[in-house]
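Colleague: Just passing along the structure, written as structure tokens.
Each value in this text was obtained by applying a stated rule to the coordinates, not by laboratory testing. Small disclaimer: the values here were computed from a predicted structure and weren't measured. Cβ placement follows ideal geometry from the backbone for every residue including glycine, while neighbour counts extend to all protein chains displayed.
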Amino acid sequence: MNIGWYLAVSTLIFSIGAAGVLTRRNPLVILLCLELMLNAANVALIAFARMHGNGEGQIFAIVVMVVAACEVCIGLGVVVALYRRRLPIDVDELRELQG
Amino acid sequence: MTPKAPIIDWAGLSPLVALLGGAVIVLLVGLLRPRFVREVIVPLLALATFATAAGLGIWQWGEQISLISGALRLDQLAIALMWIICATGAAAVLLSWRAVAPREAAHGEYYALLLTSAAGMLVLVAAQNLVTLFAGLELLSIPLYVLCATEMRRETSLESGLKYLIIGSVGSATFVYGLAFLYGATGSTDFAGIDRALNSSSLVSDPLLLTGIALSVVGLGFKASIAPFHQWTPDVYEGAPTPITAFMAVATKAAAFGAFLRLFDGALLNAQADWGPALAALAAITIVVGNVGALGQTSLKRLMAWSSVAQAGYLLAGVVVATKLGLQATVFYLAVYLFMNIAAFAVIIIRERQTPLGDDIAAFAGLGTTAPLPAAVMTVAMLSLAGIPATAGFIGKFYVIEAAIDGNYAWLGIVIVIGSMLSLAYYLRVVAAMWMLEAPEAPVSTVTGRPALAGGDLDAPAPGAGIEVYAVAAVFGVATLFFGIVPSPLFDLAVKVGSSLTSLF
């Protein structure tokens, strides 16, 4: 099997995610883009696991999925806390800390 | 056929079990109603947990064993770094005893998150597998994101939590993508397997491997705040509750450099020609950027953040050389870094609770005449961070420079010296403010100690700087001086740690 195509897809997903994190301003969309970056790693891990014929990459991918879920939970929690304080849900408007 | 379960060496695993078990107990006891239990028993239990883990480390000292089918490895490096992490955690518990953050976040949750984060750090510094390395990194990071945002009424705390979450997650995602490529290039997630694969074939110039190394450097760079991945550091350090800032500054750095040592000086040692020059360049950039960034700061927490960026550069020099001496120097410097940083943060907390100026450098004006003891501790910490002789910081820097020159990176040693010279400009500014400026006229000791809070309806008394904060400041300040004059106990420890990565020479 040719690993190249799988890696191309995974790199594309990772780049879309990274570009989204850099350009979008809503924290919820940024969290979605972070998911894309993590899932790009999953695609690569599973393709490599198939290439090498061992299961280690698949186990790694499951661990990554769990971590991704945890991160989104925390992220949503912080966004809700911001919303309750009537703070702008916009990362460019959050500029109390700088200098 | 049923798969065989791995044999678990519970004795070797006991420090980790103690930390996680302590976290569960603290969380459950924190649910009890009486206020005494929540405000006194819960932190005491957290302290006892850190003490137990450190004690179990003493019991296991000298062992070099693989745990859980080689997922973790308990050796002197893991135990020494665990002591640093437990000492930081215990100091953070004492520093937050009367702070606002645990009251807002319910004490049980706050201390349980602290313990979980410390457990993650222990997993990270003991990892022998890419999967455990990543799991440890996340177990350390995710509780810290929450802890940064625990002062929910203060906007800057929430902002720092969100910033840390987004930037930390970008770092993690990049790191895991890099680990995926390392696995792809070598066909193994096991450090020993990666080492074998790199040893036996001409993989060293394989583009998959190079991509993997580059991406994992970036990912760990975010965690250890290595320039140019350091931009989050000042904002997060300033916004987070100060005890958490102290914990992050020391323990996260110890854990991240433990991971650097395990991954680069362990698994990827045979590819040192690939990553050595790149990491050396990053170290030089980090030293310059950190020291220059600190020059214009007026907030002490921001100043400490930039200084921690610079210190990350010094520490990285010990990783770059990939020698036994470099490993010893890194561990020695991390121990010294613990003493001087916690001493400085304890004094910052004392001033933060006594004046309405918060962590501004103006809060320290004339401290030498009004409160000589905290001022003396702060002076020792600042001089040690700058690397003045007779403090532990000098010995640490000396050790790192010696390792750099010994490992044929003499130019990096010169960069460290130049960086230390630059750093005097801002460390001495703090010392000068304390001893040479007049104290402000109006006594400001009557403030509540939580000026940044909008709603003050938490009916608990205003937190003063209690005896425990002074004790932390005194203990760590004295340790900074003591190990500057008598460094041999720490030297012996570092030399023993040097034998734990057997492939180094």
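Colleague: Name the lysines eligible as straight-distance cross-link partners of B:LYS163: C-alpha to C-alpha under 23 Å, and not fewer than 8 places from it in the same chain.
Modeller: Within the straight-line limit of under 23 Å, B:LYS163 reaches these lysines: B:LYS223, B:LYS253, B:LYS301.
Colleague: Out of residues 5 or more away from B:LEU72 or on other chains, whose amide H comes under 5 Å of its own, with H placed 1.01 Å from N in the peptide plane?
Modeller: Hits under the 5 Å cutoff: B:LEU67, B:GLN128.
Colleague: A further question follows. For a footprinting-style exposure proxy, rank B:ARG353, B:ARG38 by other Cβ within 10 Å, fewest first.
Modeller: So the ranking, lowest neighbour count to highest, is B:ARG38, B:ARG353.
Colleague: Could you tell me the ratio Rg/Rh of chain B? Both radii from Cα atoms, Rh via Kirkwood.
Modeller: On the way: Rg = 21.9 Å, Rh = 22.7 Å.
Using Cα coordinates only, the ratio equals 0.96.
Colleague: Work out the charge dipole of chain B with +1 on the Cβ of Lys and Arg and -1 on the Cβ of Asp and Glu about the Cα centre, then indicate which of B:GLY290, B:SER160, B:ILE348 is farthest towards its positive end.
Modeller: Working it through, the farthest residue towards the positive pole turns out to be B:ILE348.
Colleague: Still on this structure, please answer the following. Which order results if B:PHE345, B:PHE264 are arranged by neighbouring Cβ count within 10 Å, fewest first?
Modeller: Values: B:PHE345 30, B:PHE264 22.
Fewest-to-most ranking of B:PHE345, B:PHE264: B:PHE264, B:PHE345.
Colleague: Calculate the radius of gyration of the Cα atoms of region B:43-181 to one decimal place, then report Dmax, the largest Cα-Cα distance, as a whole number, both in Å.
Modeller: 16.2, 47
Colleague: Oh, and also: Going by how many other beta carbons lie within 10 Å of each one, how would you line up A:ILE89, A:ILE62, fewest first?
Modeller: Values: A:ILE89 15, A:ILE62 12.
By the 10 Å Cβ count, ascending, the order reads A:ILE62, A:ILE89.
Colleague: Right, next: Per residue, how much space in cubic angstrom lies within the convex hull of the C-alpha atoms of the protein assembly as shown?
Modeller: Details: hull volume 86.3 nm³, N = 604.
Cα-based convex hull of the protein assembly as shown, divided per residue, equals 143 Å³.
Colleague: Spelling out what I want: for every residue of region A:4-14, take phi, set θ = phi - 60°, compute 6.51 cos²θ - 1.76 cosθ + 1.60 (Karplus), and round to whole Hz; glycine and proline get x.
Modeller: Working through the residues one at a time gives x, 5, 4, 5, 4, 4, 5, 5, 4, 4, 4 Hz.
Colleague: 222 nm [θ] for chain B, helices only, -39500 (n - 2.57) per DSSP H run of 4+, per residue, to 500?
Modeller: Details: 21 runs with 352 residues, N = 505.
Helix contribution divided over all residues of chain B: -23500 deg cm²/dmol.
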